[in-house]
Every structure is written in structure tokens, then in C-alpha cells.
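One structure is given here, and the rest of the page talks about it.
What follows draws every value from the coordinates through simple rules; no lab data is involved. On a predicted model such as this, the values are computed, not experimentally measured, just so you know. Cβ atoms come from the backbone with ideal geometry, glycine included; neighbour counts cover every protein chain shown.
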Amino acid sequence: MSETKTSQPTPQTPHSSQSNYRPMGRPMRGGRGMPVPKGAIKKGTFPRLIKMLFKHYKWYLVVALICIVINATVNLVSSVFLQSLIDDVIPAGVANGFESVAEKLLGMTLAMAGWYAVIVVASFAYNRIMAVVTQGMLCQLRKDMFAKMQSLPIKYFDTHAHGEIMSAYTNDTDTVRQLIGQSIPTLISSTFTLLFSVALMLWYSLWLSLIVAVATIVMSFIIKKIGGGSAKYMVERQRSLAVEEGFVEEMMKGQKVVKVFTYEDRAKVDFDKYNDKLYQDSVRANTYGNILGPILGNVGNFNYVILTIVGGLLLVSKLPNVGLSSIFQGIGVMEAGIIVAFLGMSKGFAQTVNQMSQQVSMIAMGLAGASRVFTVMDEEPEKDEGYVTLVNAKRNADGSLTETQERTGLWAWKHYHKSDDTTTYIELKGDIVMENVDFGYVPEKQVLTDVSLYAKPGQKIAFVGATGAGKTTITNLINRFYDIGDGKIRYDGININKIKKDDLRRSLGVVLQDVNLFTGTVMDNIRYGRLDASDAECIAAAKLSNAHDFISRLPNGYETVLTNNGSNLSQGQRQLLSIARAAVADPPVMILDEATSSIDTRTEALVTDGMDKLMQGRTVFVIAHRLSTVRNSDAIMVLDHGKIIERGTHEQLIEQGGVYYQLYTGAFELE
């Protein structure tokens, strides 16, 4: 294939395994790479949350609602008993002797005890149910969110701070817990209490109810002004907290870099900036939230005093008292029992309004948290329109392939042809061809331009070039971590867009420069390459990769538990485990991305030997800065600003005396 001409420099992405790496061309927001969280509250968040609650806990919620109604009703019964006691029982006892009303008093006492027993039972049932509903819902949200994250493309994690994502699992779900377990039930209970209180007040006295109505209007105005500010800053506080946590996570992960480059003082300055923003939002939110209660309490107290004065005047002047009861009992005069009952209801009414107002900011914060959780759950999943699958196959006597459920070591692409309703089986060999591929992480920034290459089964293809030339990007496209903009990539003659992504990636093994080890035993980490691999197969893979020797010297051998990304192992040992993981997967195509660039020379010899064993009989793509490791490649591609400018064997490229010769010999000319 002919060489392509060089082009103007094109921005390139950093290495894909870096923490918080983002494609070039995407603007950084929020300062120092920390993105500002998206909109505060998504439209439809509350109905969606309620719908989810009823989907999973319908009957639990019905019973909880009944308990709330019982509590709201019974709490007002005391006012009715008090009114009856003052206006009916006590006057009758004074006139005829308390012996005449003793039976009635006993009946009222037992009735009250019965009602309060009902409250105890209802409260116990309600609290037990809400504990199940709240924690169960959070469990379901986390499950749904984590399941969704598994379907998201690499691009999502490349463009979102990891700390911000973690905040959705911690802070945001905690606000949802408070919303479901406290704010919504309190709002419902308070609503029923207010409705029943209003009905009872109107039943007793229209005049006194009008005074309460005026106080309610004043309270509503105060809640709108102050409560709205509290809700606004509660949401801002939640957003600031997510940004701060993202920064802290980034600094913790890069602590060695911070120490090496003495970045501590600047890190403190940056943290103080985020922390001060969180402090300011928290102070504003709490200021608004804390002054609302006392103000409403004082309005309730003024209302109490006015009701006492007006009620006393109505009582003394013997003016007619009009209420809903007048429809059935006729218009009467104000009585002391009505005033006492009304004062109790007024006090409870004001407290209920105050209680509701305290939930305004909590509801706003909870909805903001739920909105951020739903934002993660609503992210566009990785699209996969492929229909060609990878299956175990066996070869028939005539040389054709047949699908089988047994693991035979022979793999085939199962290709269904809709046009003629036939299925063909193509042997998996590892023949990869890229034809005129163009690609950019963002439309306005092209990274690869007109890249064409091929790798025959068993060939070793090496990519070399300066950092940012596009080497890792090519391997990202072969894996379909990103889809190409133009051109074609064929795998065993099949356009990779037709191959299901899971099956495509199952046929590829990847060994990265930065190794990720998971909490678990050494055996578990090797088996990560193929979950159905036996212990014997994992040990064989470790021996192949030269990892068996150091594993045997660990305290518990293959059962040694690794934590914190295998921090108790050296970089070389971690890399050997990564190679063993790829070996146990036994893929026909391997991608080695600078796998030896950060280890010492002696360990490099072990790793290189392990990789050489791993590469035997496979199609291999190698990215290396140490050119000595690619001398035996079948073809070497030299990239510069997203274009292949040279290609050939080591000897051919040295003979040309071009860019590869300069890279290999270090004979760079000073400009």
C-alpha cells in the first residue's frame, strides 16, 4: 500500500486508561478539568420516582397511606373530646353532680385510650413499612444505576469525572432516601392533617376559621419567599458537593504525582476554591432554612393570640356562632369548649404548616438528587446493531463448519443473511483490514485521516510514533470503543459494524500499560479473562506469562487477596498478571498497548518473554515507545498526526532513513 502524505497537526487524545481522560476538543468546565454538573432538576422527576415506588411497592404504599390517614384523623379526635368535655360533660357534672356523668367520663377515657392505641399500632406499621420501602427503593436505584453503567460506552467515563459519578451513588441516593423516607410522607401526612383540621374548624366556627385563613395566607407568602430561596441553595449545595468530591477523588488518585511535582500548595488552593463554594451555598441554604421555622412559629403565635381575643369577645358578647354544624344543629352562640378546641387545632395547624415548610428545601434537594440519578440512568447506552455472533464450531469431514455447544478451541462467526434466510459460518482467523478510516472524538477535531492497513492471521503489526499520533486510537476503533467516522474495518472479511460488540471484544485480548486489578484473590483476577476457566487453566496461563514464579512466593499463593488495585505488587508483577489474564482468555487477536514502558529492564525481559509466548499463532497489534521491542514485527506503521507516513519491516524502514530511522537511532535534527 502506498504511503499517505502528512497533514497539519491534529489534536489527539491522551492514553485511554488515564483517570478522567477526556477527548481533546471537549471544553473543560468548572475549573481545572472538573465539569459542572448538569441541570438541577429534570422535568418529570417526581412523577417518575412515584411511578417507580408504586411499581415495586404498591401494596406497601397503600397500607402506609392508610396508616397516615389514621394518624392524621386520630390526632384531631382529642380536640373533639376536649370540646365535648368542656361544653357538655363538665356543665352537666356541675349541675347534677359528677356521679351522674361518671359513666360518660369513663367511656370517653376508654374511647380516647382506644384511639391512641390505634395510633400506636398505625405508627409502628407505618415506620416498619417505610423502612422497607425506603431502603428497598435505594437498593433498586443502585442496581438500576449500576446495570445502566455497564451498558454505557467508554466515551461516557472518558468525559465524566469519576468522583462526580460516585456522588450519584452516595450523596444523591442519600437525598433520595430522605425524600422517600421523610419528606414525602411528612408532606402527605401534613396535607391530610390540614384538610381534616380545616373541615373541623369550619364545622365549629366560620368566624374563627377566617382568622386562621388570613394567617395561612401570610404563612404561604413567607414560605414562597424564604422557602424558595432555601430550596434553590440546597440544590446548589448538592451540585457543589459533587464537584468537590470529584476533585478530591482526582487528587487522591494522583497523590503520587502531586508529591513528585510538589503540587500540594496549588492543590490546597484549588480545594479551598471548591470548598468555599460549598461553604457559601451551605450557609445560604441553612440560613434560609433555619429562619423559616421561627418566623412561621411567631406567625402561629400571633394567630393564637388573635383567636383568643376574638373568641373571648364572641363568648362575652353572646354573638351568633356560624359553622357547618349550624346546618344540622341551628345557629348557636360561641361556647368556651369551641374556643379551647379551636385554639388547640390552631396551634396544631400552625405546627403542621411549619412542618411542611421545613420539607420544601429537603424535597427540592431530594428531587435534585433523584434527577442526577435519573440523568445517569437516562444516558444513551452503547449502541450495538451487530448481528454476527461468535460461536464454538467443529469442522466436518468436507471441511465445512458446524455450530456446537462444546468448547472445541475452534471459533466461527455465525453470519445470518436476511436476504435469502441462510446462515454461514466463517472461521475466526484474525484477519483485520482497515480501509481509508477517518475518525475524530468530536466532529470538529479529526484524529485519524485516511488510515489503511491490514494484518494477516498470525502477523505482528507495530504502531510507533510520537505521543498523540493516533496509535491508541486505532486500537480503540478495532475494539469499537468508538465508531469510525468514515471508511471500513473488516474482521475476517466481515464489517465489524455487523459483529455484536460483546462477541467482537471476546475475540480480542488487550494488555494495557496501566493495569487494573480488582479486589479478590490472584486466581480471581486471572480468571477475569474468562470466567469459566478452571484453576488448572489459570495456572497454565500464569506459567505461560512467567507470573507463576512470583505468585508461588506470595503468602497464600494463588489465594492471596489483592486490594487497592494490587498496590502490594510491583508494576512488573501486576503486568504479568495482566498478561496471564489475557492468556487465559485465549483470543486469536491481541492488542499490546505499551505494556513494557513503565517497568525495569530485568522485569521487561520476563514480560517480553511472556508476551512472545502469548503472541505465538495470533494476530498482534503492538504499541511501543521502546522500538527494540518491535524489531521482529511483520510490519511497522509510523504515525504522525493521525496519518501513516511510513510502513514496512524494521530493515526496510531503517534503509529508507526516514522518521522511523530517526526515532530508532535518535538522530533528530535540531530545528
Just want the answer: with Cβ charges of +1 for Lys and Arg and -1 for Asp and Glu, which residue in Thr45, Leu292, Ala605 is farthest toward the dipole's positive end in the chain? Leu292
Peptides 350-358, 580-588, 434-442 ordered by average Cβ neighbours within 10 Å, highest first: 580-588, 350-358, 434-442
Relative to the longest principal Cα axis of the chain, at what angle does helix 601-615 sit, 0 to 90 degrees, rounded to 10? 90
Indicate the gyration tensor shape class of region 303-350 (rounded, prolate or oblate), computed on the Cα atoms with a ≥ b ≥ c the square roots of the eigenvalues: a/c under 1.5 is rounded; otherwise a/b larger than b/c is prolate and the rest oblate. oblate
To the nearest 20 debye, what charge dipole does region 45-377 have about its Cα centre, counting +1 at the Cβ of each Lys and Arg and -1 at the Cβ of each Asp and Glu? 900
Rounded to the nearest 20 Debye, what is the dipole magnitude of the chain about its Cα centre when Lys and Arg each give +1 and Asp and Glu each give -1 at the C-beta? 1240
Relative to the first principal axis of the alpha-carbon coordinates of the chain, what is the inclination of helix 336-377, with its axis defined by its Cα atoms, in degrees from 0 to 90 and to the nearest 10? 10
Burial order of peptide ranges 368-378, 413-423, 646-656, 53-63 (average beta-carbon count within 10 Å, highest first): 368-378, 646-656, 53-63, 413-423
In region 432-665, what percentage of the DSSP-assigned beta bridges are antiparallel, given to the nearest 5? 50
With axes computed from alpha carbons, what is the tilt in degrees of helix 184-204 against the longest principal axis of the chain, rounded to the nearest 10 within 0 to 90? 20
Residue (of Leu504, Thr649, Asn436) at the positive-pole extreme of region 432-665, dipole from beta-carbon charges: Leu504
Using DSSP, restrict attention to beta bridges with both residues in the chain and report what percent are antiparallel, rounded to the nearest 5. 65
Could you please rank Ile331, Ile494, placing first whichever residue has the fewest other Cβ atoms within 10 Å of its Cβ? Ile331, Ile494
Sorting Tyr116, Tyr288 on the 10 Å Cβ count, fewest up front, what's the list? Tyr116, Tyr288
Using the count of nearby Cβ atoms within 10 Å as a rough guide to exposure, how do Arg574, Arg626 rank from fewest to most? Arg626, Arg574
Once you list every other residue whose beta carbon is under 14 Å from the beta carbon of Asn564, what net charge do they have if Lys and Arg are +1 and Asp and Glu are -1? +3
Nothing charged except the Cβ atoms of Lys and Arg (+1) and of Asp and Glu (-1): what's the magnitude of the dipole of region 439-537 about its Cα centre? Round to the nearest 20 debye. 300
So, with points 7 Å from each Cα along the Cβ direction, the Asn290-Tyr454 label distance in nm works out to 7.5
Based on the alpha-carbon gyration tensor of region 45-377 and its eigenvalue square roots a ≥ b ≥ c, which shape applies: rounded if a/c is under 1.5, prolate if not and a/b is larger than b/c, or oblate? prolate
Calculated P(r) of the chain - Cα pairs past 45 Å, %: 44
How many percent of the alpha carbon pairs in region 296-396 exceed a separation of 18 Å? 71
For the charge dipole of region 45-377, defined by +1 on Lys and Arg C-beta atoms and -1 on Asp and Glu C-beta atoms about the Cα centroid, which residue among Gln150, Gln358, Ala131 has the Cα displaced farthest towards the positive pole? Gln150
Cα centroid of region 233-270 to Cα centroid of region 273-345, whole Å: 48
At 222 nm, what helix-only mean residue ellipticity would the chain give, in deg cm²/dmol to the nearest 500, using -39500 (n - 2.57) for each DSSP H run of four or more? -18000 deg cm²/dmol
Tell me, what is the FRET efficiency for Lys498 and Thr404 to the nearest 0.05, using R0 = 25 angstrom and their Cβ-Cβ distance as r? 0.65
Would you list, by chain and number, the lysines whose Cα falls below 19 Å from the Cα of Lys256, excluding same-chain residues fewer than 8 positions away? Lys268
